[in-house]
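None of the figures in this text is laboratory data; all of them are computed from the coordinates on show. As the structure is a computational prediction, the values presented were derived from the model and not from experiment. Ideal geometry is used to build each Cβ from the backbone, glycine not excepted, and the neighbour counts take in all protein chains shown.
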Amino acid sequence: MSTAPVPPRFVPTLTEVFHPVRSPSAVAAKAAIPTALSVELQNQMVQRVLQRVDLLLDRRLREAVGQLILEHTETLAPRLREEIEQVVRQSVSQAFELEVTQTLSRS
């Protein structure tokens, strides 16, 4: 059988409550700003932050999309090259056959 751990004999306790003291100048400064002005400043700050976020997102998305396109282009390039080569060969072959046929029919 296991026994429960014994609690320590002396446990420190909090007997004092701490209340932060606000400086009179901080309280006066906060009271001096009208609520409407504070809301207006907050709205302006939100708009500026959103504009910055928009610019940063735009730049980062462009970089991410550019990198993704580059990676896909590198994997597609050999397949595209093969496809283009096949189309060119078929086109040249057909053109040559048509030319030979027309030349023989004229003779």
Subject >> Given charges at beta-carbon only (K, R positive; D, E negative), |dipole| of segment 34-106 in Debye >> reply: 240 debye
Subject >> Extreme residue, positive dipole direction of segment 34-107, given options V92, Q42, S105 (C-beta unit charges) >> reply: Q42
Original post:
Under the Karplus relation 6.51 cos²θ - 1.76 cosθ + 1.60, θ = phi - 60°, what is the ordered set of whole-Hz ³J(HN,Hα) values for segment 38-52, x standing for Gly and Pro?
Top reply: 4, 5, 5, 5, 4, 5, 5, 5, 4, 4, 5, 5, 4, 5, 5
